[in-house]
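Peer 1: Here it is, the structure in full.
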Amino acid sequence: MFLNTLAMLQSMSLGAIGVAVLLCLSTKLVKQMLEFAGFTVYLCVVLWTITLCLWCGTSVYSAWGLLPLLVGVLFGGVGVIPIALLGFLFSGRWLELGELLAFLVPIVAGTVVAPWMLEQSFLYRQRLMGTNGGFRSLPARPMSGRAKFGPVRVAVGSAVLRQPRKNSGSRQ
């Protein structure tokens, strides 16, 4: 029963890796998805970590017994991962060691990428909204046509400066 649940978690984790990669790639096209993708990658990292802890726990228990498993659980639950890493290394189980290291890569990458995505989402929203009460001022540029009235707003840092328009008509 437990091994079936572990197999299901591993297949869900592989699916979550695919979803996270697709979301990371889609944020290059749609900047508004950065926040959603960042939180989704965080959730995927949690799923990957739970799956890795359970897999390492079953491996440690089946190979070395209850005592190393309890020592690993006493280190906050994730202590099972280094115990499994050392156990695979010292017992010469190279395939499992490679799987463990390969499973650590998306966890470490996700914990680096997700905060970066959330920070970029915050910066994008800040640029979009502006820092002066939600008004986004556009830089001055020449207007075509006859609608040349009123002052031009020019964004300089966080301040909006009002500049009078130069008269280009016959009135002076």
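Peer 1: Using the Cβ atoms and a cut-off under 15 Å, what net charge is assigned to the surroundings of Val80, where Lys and Arg are +1 and Asp and Glu are -1?
Peer 2: My count for the surroundings of Val80 gives -2.
Peer 1: Suppose the chain between Arg125 and Val21 were pulled fully straight at 0.36 nm per residue; how much longer would it get relative to their current alpha carbon spacing?
Peer 2: Stretched fully, the Arg125-Val21 segment lengthens by 35.2 nm.
Peer 1: For Tyr124, Tyr42, what's the fewest-to-most ordering of other Cβ within 10 Å of each Cβ?
Peer 2: Result, fewest neighbours first: Tyr124, Tyr42.
We did not get these values from a lab; they are worked out from the coordinates using the rules stated. Predicted, not measured: the structure shown is a model, and the values here were computed from it. Using ideal geometry, Cβ is built from the backbone for each residue, glycine included, and neighbour counts are taken over all protein chains shown.
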